[in-house]
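The values are calculated or read from the model by the stated rules, or taken from the named source; none is laboratory data. Model, not experiment: these values are computed from the prediction. Glycine also receives a Cβ, built like all others from the backbone with ideal geometry; neighbour counts cover every protein chain displayed.
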Amino acid sequence: MMDGARSRRWAELVVLTSFAVTQPIFAAIGENATFLVAHDLSGPSLIFYALALAVIPAAIFIALDEILVAAGRERYAPLGSVLRGTILASIVVSFLNQAIGWDGVPSLIAFLGLVIVGSVLFMRLPAAQTAIRFAAPAPIVFFVWFLFVSPASALVREQGDVAVRSNSVESTSVVWLIFDQLPLTLLIEPDGSIAEERFPHFAELARTSTWYPRATTVASDTGIAVPSSLSGTFVPAGTLPVVSATPVNLFTIFAGSHAIRATETFTQLCPDSVCRPAPDKSAPDMGSLWADTLIVLVRLLVPDAVADRLVPEINDRWADFGRVETDDLDLTIEGEATTAEEVQEHRTRGNDRALAENFLDGLRTSSEPTVHYLHIEKPHEPLLLLPDGRSFDPCSCFRVDEDKAWPEAPEMATQRLQQYLLQALYVDTFVGEVLDAMEASGLNDDAMLVVMSDHGASLLPGTKNRRVDAENVNDILPVPMFVRRPGQTVGGVDLRATQLIDLLPTVVEELGLSSDDFDMDGVSLLRSPGADIDPRIITPQGVVAPPGDPDPTRSPLPAWIEDLFPMPSNPFQWGPHADLFGQEAAGLAAGDSALEASIATLDRFSAVDPTGPYVPANVIGELHGSEEPVDLAVSVNGVIAGTGTTFPAVDWHIALMIDPAYLVSGENQLALYEITPDGLLLVRMR
């Protein structure tokens, strides 16, 4: 049996650890439970996860305490007190960091001082130990709150009890495709028409379907916008994107009459009884789960200045936080890929291209009325896909400020825009593949096609990325929205003001049901055109009017794209130095530059496979020796294959795309040049 002294020591550590580690992470994840959805945790797996969070940290500190006990009684008294004082100090400093923003040196000084104070309290004042023991119920309270009170409690309930409607509807399939963070302003010309030369497959879609150019999203948050679209309702802000919270949706309505092939991203709206787990998603990825949990914990407990050196940023992602940061400039980052094979291995786990191929396979083999659903996380970050689907090294250097706004200077925005455009061109390629697969399988005559984006984003310098205001409303709220009815061959443009919540009522009525039978806020687009709706957006305060009338033609983005990329068919040839593209570098060279560059991806060019799924198309690094932005050109095997401009990050950052058409199999020679009025100056690379 455990002696009384040991049980008291263990109880102290369990209580202290629950306040230092368990409660902060329960609070953070419980209030942001989309993290759990993104990691496929619900029911028993969520309970196991909560138990592990409650037990493992305490077990670690208990083990440390037992090691100190083994060192002897005389040593244990001060060392055990220091251990407890350190835990107590972390509790207080973490609170101060979050409450008043302490960081850096002040936070470190406070932490060391509190360690000393806490150690003395445990050594000299038995009352401190007694107070800790009075808090013994706290771990149980935290555990119960997380599982049964916090928003995460919706995931504890089994999803199999959700009612599935059995309907007698037409034998018409549904193909529903959602893209992530694709603003309509990226796809259009300044006059509002689809930019056909740049996005030929979206233009093809518009020619054979009904396009709603005045369609808007209802939220800039995926976890709200997608459930709202799939349920036809204004889902309240803060609602978990799970079927128990939104039980009437696309999947539950048609599960009784259709096979369901659904690949969801960050939602769990299809009941387990209806949807088999998606490929590679039959069980939670425990490695990713615990890695992301550790990152959240470090961000909660450690000052930002220190945390930035230890773990990746979380930004607006809900999972795989490290995936964007792997190829950051610091080459000493532990676990950074050093070969093309390692890069590809890291990127393929659950990658969007694999999900797209699985979706296409289902379209090609469809033989019964089916709901084919895919939410693909593109062109949202990480930016790592070329138009043909091959991957390149992503750069985590494109960062918003504390207000979630892009820098006023355009240099970062132009470099990011090029990579965002490349990934949007992959989306266009995929749209073409979907159209081809539907034609080849006969689904054009037997299926209703819906193509949409969950929300837009602002790609313009000086604007907030996703937080809607009067300045960016024209880029965030207008979204691509296309509907093609079975057998439709001639496209049309419907200029009614519509919203994404109108899509499900439209599908319901097309398939022979009445949307009046469901409690939906949206209206069927098949009904006689009526008065324009007044757009609404979902906020924590409720459903309100947006800050301005969203109109994509009022955004400066289409004109900016047209100016930056005068060659629509070649996004690698852009900017004020587009004329250098394809020229022999030797004929333009004018000497050596005084600048120096450290290139993180230089070794990627030593053994290239241009036919493989990965190509080193992104030259990532830093430029040293300049106090201003510098225009650069890069040559591959002696030919200028890309141009760009540095922008401030850690130093002057380089994230320069090259046309992979200039890469050859095996070793490739890379050279970097400073562009000057007198010619190209060779920059020394290391």
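Values computed for the structure shown
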item	result
Lone qualifier among 670, 681, 663, 656 - being surrounded by fewer than 23 Cβ atoms within 10 Å (Cβ to Cβ) and touching a Gly at 6+ places or on another chain (Cβ under 9 Å)	681
Pairs with Cβ under 7 Å, 6+ apart, first in the range 223-249 and free of Cβ contacts under 8 Å to residues at least 24 places away in the same chain, second outside any loop (DSSP other than H, G, I, E, B) and among the polar types (S, T, N, Q)	246/231
Complete set of residues in the range 593-621 that are surrounded by fewer than 22 Cβ atoms within 10 Å (Cβ to Cβ) and touching a His at 6+ places or on another chain (Cβ under 8 Å)	595, 596, 598
Residue list for the range 475-501, restricted to those being charged (D, E, K, R) and surrounded by fewer than 24 Cβ atoms within 10 Å (Cβ to Cβ)	484, 485, 494, 496
Count of residues meeting criterion [out of contact with any Phe, Trp or Tyr (no Cβ under 6 Å at 6 or more places or on another chain) and under 9 Å from residue 152 (Cβ atoms)] in the range 33-59	3
Residues within the range 546-590 that are touching a Gly at 6+ places or on another chain (Cβ under 9 Å), of a type in the set (A, V, I, L, M) and not in a loop (DSSP other than H, G, I, E, B), tallied	5
All strands (runs of 3 or more DSSP E) inside the range 639-683 with 2 or more residues being touching a helix residue (DSSP H, G or I) at 6+ places or on another chain (Cβ under 9 Å), closer than 20 Å to residue 624 by Cβ and of a type in the set (Asp, Glu)	none
Among the residues listed as 257, 244, the single one being among the polar types (S, T, N, Q), over 23 Å from residue 446 (Cβ atoms) and surrounded by fewer than 23 Cβ atoms within 10 Å (Cβ to Cβ)	244
Search result, residues across the range 622-641 that are surrounded by fewer than 24 Cβ atoms within 10 Å (Cβ to Cβ) and not aliphatic (A, V, I, L, M)	622, 624, 625, 626, 627, 628, 629, 631, 637, 638
Out of 162, 174, sole residue that is β-branched (Val, Ile, Thr), crowded, with 19+ Cβ neighbours inside 10 Å, more than 26 Å from residue 465 (Cα to Cα) and modelled with pLDDT under 95	162
Filter result for residue 428 (more than 19 Å from the chain's Cα centre (by Cα), buried (at least 18 other Cβ atoms within 10 Å of the Cβ) and under 24 Å from residue 193 (Cα atoms))	yes
Criterion: in contact with a Lys or Arg (Cβ under 7 Å, 6 or more places away or on another chain) and either of a type outside the set (Lys, Arg) or in a helix (DSSP H, G or I) (or both) - qualifying residue of 468, 543	543
Some residue of the range 520-531 being out of contact with any Asp or Glu (no Cβ under 9 Å at 6 or more places or on another chain), in the same structural domain as residue 550 (by TED's automatic domain parsing), outside any loop (DSSP other than H, G, I, E, B) and surrounded by fewer than 18 Cβ atoms within 10 Å (Cβ to Cβ)	no
Residue satisfying condition, being more than 19 Å from residue 394 (Cβ to Cβ), assigned to a strand (DSSP E or B) and among the acidic types (Asp, Glu), within set 596, 627, 622	596
Residue under evaluation residue 634, criteria (1) touching a helix residue (DSSP H, G or I) at 6+ places or on another chain (Cβ under 6 Å); (2) modelled with pLDDT of 95 or more, criterion not met	(1)
Criterion (without any contact (Cβ under 8 Å) to a residue 40 or more places away in the chain and crowded, with 17+ Cβ neighbours inside 10 Å) met by exactly one of 444, 472	472
Residue within the range 18-34 that is over 29 Å from the mean Cα position of the chain (by Cα) and either surrounded by fewer than 21 Cβ atoms within 10 Å (Cβ to Cβ) or under 22 Å from residue 297 (Cα atoms) (or both) present	yes
Selection from the range 512-538 of residues that are at pLDDT 90 or above and either more than 13 Å from residue 249 (Cα to Cα) or not charged (D, E, K, R) (or both)	520, 522, 523, 524, 525, 535, 536, 537, 538
